[in-house]
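The values are calculated or read from the model by the stated rules, or taken from the named source; none is laboratory data. All values reported here derive from a predicted model rather than from experimental measurement. Neighbour counts run over all protein chains shown; Cβ positions are idealised from the backbone, glycine included. Heads up: the accessible areas ignore ligands, DNA and RNA and are worked out on the full protein's heavy atoms, side chains in. Shrake-Rupley method; radii C 1.70, N 1.55, O 1.52, S 1.80 Å.
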Amino acid sequence: MGLGFVVGFIGLLILFHAAYSTIQYRGLLKITEEEFSGPPLNVVIEVTLGLVLCMWAALTVPGKFLSIHPDSEENRIVSLPANLDFMIFNHRYKVFPVELDVKLKH
């Protein structure tokens, strides 16, 4: 397991704890018959910290970026139309089943 997954999991745990703390705080306010004016400061800090950790993990976990340049050796041209502005490269469409019986409603 990489560092990004661990940081993301800790961020999720912090967010769940902040939600649980807010629910407990609202229950306490109902018992004391006070109005809910907003979450306590520690919950706001927990949410901010959890959000930052989750965003960092989301940006670091996916991996390295791949080249999208048309002259890159990693790309293989599938078809070359007359207009080079619309070059089609190898992509993930192959994993989806082809459904050609789509009919337009008039």
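Being at negative phi, touching a residue at least 40 places away in the same chain (Cβ under 8 Å) and either in contact with a helix residue (DSSP H, G or I) (Cβ under 9 Å, 6 or more places away or on another chain) or part of a loop (DSSP other than H, G, I, E, B) (or both) is the requirement here; does residue 51 meet it? Yes. Can you name the residue in region 33-67 that is under 18 Å from residue 14 (Cα atoms) and polar (S, T, N, Q) and, of all such residues, is nearest to the chain's Cα centre (by Cα)? The extreme case among them is 48.
The set of residues in region 1-48 being touching a Leu at 6+ places or on another chain (Cβ under 9 Å), of a type in the set (A, V, I, L, M, F, W, C) and in a loop (DSSP other than H, G, I, E, B) consists of 36 alone. When region 4-38 is filtered for residues that are open to solvent by less than 30 Å² (accessible area, probe 1.4 Å), under 22 Å from residue 61 (Cβ atoms) and modelled with pLDDT under 90, only 4 remains.
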